[in-house]
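For reference, the structure is listed below as C-alpha cells.
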Amino acid sequence: MKLALLGPRGKVGRALAPALEAAGHEVRGIPRGETIDVQGLDAAIDFTTPAAGAETIRACLEQDLPCIVGTTGIDLRPLATLAEERGLVLFHAPNFALGAVLMMRFAQEAAQLMPRAEIIELHNEAKRDAPSGTAKATAVLVGGDPAIHSVRLPGLVAHQEVLFGGEGQLLTIRHDTFSRDAFVPGVLLALEKLSTLPPGLTVGLDALL
Ligand code: NAP
C-alpha cells in the first residue's frame, strides 16, 4: 500500500518506517511543518502527539484516506463522526503490542474473581498524556474504577502492571515493551484488516484478532 506516516521522526515513526517498507509498503513520511498532502495514497498512520494528532488525522480524513491512529490522548469522537460521514475507516489501538492486548484480556478475567485492583503504568518521560490510553482501557475492562498510578522516567519505554489484592495474596499481571519494534506487528495487522472494517471508528487490536 502507499502510506502516509505522520510523525516519521518520532520514536515510533523511526522504528515503523523501515519495517513498513520491509513489509512491501511504500511510505511517505510527513514531518511536522510539512503541508499534509496525501492525495493518491491508500492510508495514513499517525504517531504524533495528543496536541497535533486531531489536526493531522482530520487533514487525512478530509482527503479521503482511512487512518490508523497510534497517538493516544486524542478526543476521537469528532474524527469518528467525520470518518463515518465520509465512509472511511478510522482505527485506533491504545496499544499496538500484542502482549499488551493479552495483558488486558488476562486482567479482565482476573477481575471476575479478584475485584480489588490498581494499575501502575510506566512510560518514558517524553510521553505527554497521563494516564496512558492502555491504562484507561484496562480500567474499563477491569471495572470498579481502579486507581491508576502513572510513572514517567528516562530509560522506560512502555510498561504496565495490574495488581489484584486478596486476603493474604497479590496477583500481578505485567507487560513490558522494551523497544518500539513491539508495535510493528500490530500496525501491519491493522493495515491488513483495514479494508474489512466498517466505516467510522473501531478501537482496539482485539477487534482484529
Ligand atoms: P515522539 O517521539 O514524541 O514523536 C512524536 C512525533 O510527532 C515527532 O516526530 C514530532 O515531530 C511529531 N509532531 C509533533 N507535533 C506535530 C505536528 N504539529 N504535526 C505533525 N507532526 C508533529 O512520540 P512517540 O514515542 O513516537 O509516540 C507518538 C505517539 O504515539 C504518542 O502519543 C504516544 O503516546 C503514542 N504511542 C502509542 C502506541 C500505541 O501502541 N498505540 C505506542 C507508542 C506510542 P518532530 O520530530 O518534528 O518533533
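The values are calculated or read from the model by the stated rules, or taken from the named source; none is laboratory data. Predicted model only: the values in this text are computed from it and were never measured. Cβ: placed from backbone, ideal geometry, glycine included. Neighbour counts: every protein chain shown. All accessible areas refer to the heavy atoms of the entire protein, side chains included, with ligands and DNA or RNA removed. Shrake-Rupley method; radii C 1.70, N 1.55, O 1.52, S 1.80 Å.
Worth a mention:
- Only residues that are without any contact (Cβ under 8 Å) to a residue 12 or more places away in the chain and either under 10 Å from ALA97 (Cβ atoms) or buried (at least 20 other Cβ atoms within 10 Å of the Cβ) (or both) were counted across segment 180-209, and they come to 0.
- Among (1) of a type in the set (Val, Ile, Thr); (2) in a helix (DSSP H, G or I); (3) open to solvent by less than 20 Å² (accessible area, probe 1.4 Å), the one test that ILE119 misses: (2)
- Among the residues of segment 78-95, the one identified as within 24 Å of GLY10 (Cβ to Cβ) and open to solvent by 50 Å² or more (accessible area, probe 1.4 Å) is PRO78.
- Some residue of segment 131-139 being within 16 Å of the ligand (Cβ to nearest atom), open to solvent by 40 Å² or more (accessible area, probe 1.4 Å), part of a helix (DSSP H, G or I) and not β-branched (Val, Ile, Thr): yes
- Any chance PRO154 is closer than 23 Å to LYS11 by Cβ, in a loop (DSSP other than H, G, I, E, B), within 14 Å of the ligand (Cβ to nearest atom) and open to solvent by 40 Å² or more (accessible area, probe 1.4 Å): yes
- Enumeration of residues in segment 140-151 that are touching an Asp or Glu at 6+ places or on another chain (Cβ under 6 Å) and open to solvent by 30 Å² or more (accessible area, probe 1.4 Å): ALA147, SER150
- Every residue from segment 5-32 that is open to solvent by 80 Å² or more (accessible area, probe 1.4 Å) and farther than 26 Å from GLY133 by Cα: GLU21, ALA22, GLU26, ARG28
- On the stretch given as segment 41-51, residues that are free of Cβ contacts under 8 Å to residues at least 60 places away in the same chain and more than 15 Å from the chain's Cα centre (by Cα) total 2.
- Condition met for GLU34 (without any contact (Cβ under 8 Å) to a residue 12 or more places away in the chain and within 12 Å of the ligand (Cβ to nearest atom)): yes
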